[in-house]
Each structure stands twice: as C-alpha cells, then as structure tokens.
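The block underneath contains the structure these notes are about, expressed in structure tokens.
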Amino acid sequence: MHGISFVIPTYNNSTLTVDCIKSICKLNDLKNIDYEIIVVDDFSDNFFFDDLKKEIINLNLNNISLLKNDKNMGPSGSRNKGAKNSKFEYIFFLDYDTQIQDGGIKNFLDKIVNCDALVGIYDFVPLNKGSFALHKAYLNHFHSYRNNDYKFDDFAAACGGIKKEVFNKLRGFDENIKWGMDYECEEFGHRL
C-alpha cells in the first residue's frame, strides 16, 4: 500500500517519544500522504508505559498504534516488530529522542525511487543539552552534510527509511546484536 509507516522504538521515556510523534504530525510534507505511526515499547517500567499510553490517547490520532514487547528485546527486536506490523510500502525508522524536520519526508520520497534506503543527518542544533550532544551534532551534521548524495555503509535507524520489500528480503535487523551503540545498524547496513 502506498504510504509511509513510521516505526519508533522506545524504552522508559514518554516525554521524548511524544515529542517525536508530534514532530511527525506537524510535518507539511505529510499533508497529502497516507502514513501511520507505530510506537514499540521495549518492555518499559509500568509507570513509563502507562504514561506513554495516556499521552498517545491524549493526542487523539487515528493513525497511531502502541505495541508493547513481552520482554526487553533491544532496538533490533523492537524495530522488527514495528516493521512486521507496518502496512505501507516505505518504513521510516526514528529513535524516540529524534525529531524530524519539514522537508525531510519530501526529500525521502523524491530520492527513495532510485535507491533501496536513505538515512537522514543530524541538525547542527541538538535536541539534548550539554557539550557532548553539541559536539556530536556538529560532527555528524558537518561530516554528513554535502550538496550531493553519497553512499553510506551504515543504516542509521535513528532517522532512516527503507523500502519495505527490501527490509523484508533482508529479514530485518539481527536481534542477536544487543551490545553497544548502533552495532545492529552497522550490521544491517553491511547486508543492505
């Protein structure tokens, strides 16, 4: 089915997850596009899950679903579960502490026609406070930002989209990779 399925894995954080959802809902890019938002809670503490559920209900959206894992599965398992439950031809992954900006989805839809997957870049102004977040944002933004597209070996699932048929052919993220930061994305990017 033509459209975009946004998949957001989350764990023990309702505030940033709702901010991520709101960033999707206010995109002008999505005015004439069918989309759904699938939030996959990775077995958060009941307090956080209940708060997230309440906040999502308060958003009063009809195109959002909240799934909860029966056990902690890590980012790979949560992303795979969201993808499995998606209904549209494109899957767009966002980390719960990410916010997407206007123009990102238009850019994605314009370019995904000629490739299997695309990843976004960090804005130079980070959402998180502190010198580490600022340094990381500057480094990632200016390292990745160019006036042309280029091949990238990693599938940065913090902000990345893929054709669902390609994701399914690759059988998703390796759920055995649970250590470290983003190794599952690097492994998936290698297979991609």
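The values are calculated or read from the model by the stated rules, or taken from the named source; none is laboratory data. None of the values given here were measured: they were computed from a predicted structure. Cβ placement follows ideal geometry from the backbone for every residue including glycine, while neighbour counts extend to all protein chains displayed. In case anyone asks, the SASA skips ligands and DNA or RNA and just uses the protein heavy atoms, side chains included. Shrake-Rupley method; radii C 1.70, N 1.55, O 1.52, S 1.80 Å.
Quick notes on this structure:
- Selected from 151, 53, 68 as most flexible by GNM, with the chain as the system and alpha-carbon contacts under 10 Å: 151
- Here the accessible area is traced with a 1.4 Å probe on the protein chains. For the chain, carbon and sulfur cover 50 percent of it.
- With helices as the sole contributors, the chain gives -11500 deg cm²/dmol at 222 nm; each DSSP H run of n ≥ 4 counts as -39500 (n - 2.57), and the sum is divided by every residue.
- Solvent exposure of region 49-104, expressed per residue, is 51 Å² of accessible area, with all protein chains present and a 1.4 angstrom probe.
- Total charge dipole magnitude, the chain, about the Cα centre, Cβ charges on Lys, Arg, Asp, Glu only, Debye to nearest 20: 300
- Ordering 90-98, 171-179, 1-9, 56-64 by mean Cβ neighbour count within 10 Å, with the highest value first, yields 90-98, 1-9, 171-179, 56-64.
- Solvent accessible area, Å² - residue 113, 1.4 Å probe, full protein context: 100
- Expressed to the nearest 5 percent, the antiparallel share of DSSP beta bridges inside the chain is 35 percent.
- Cα gyration tensor shape for region 35-105, rounded if a/c is under 1.5, else prolate or oblate: oblate
- Note on residue 85 and residue 55: the model spin-label points, each 7 Å out from Cα along the C-beta direction, lie 1.7 nm apart.
- Max mean-square fluctuation residue, GNM over the chain, Cα-Cα springs under 10 Å, options 14, 76, 131: 131
- Note on residue 169: lysines with a C-alpha under 18 Å away, same-chain residues under 8 apart excluded, are 81, 84, 87.
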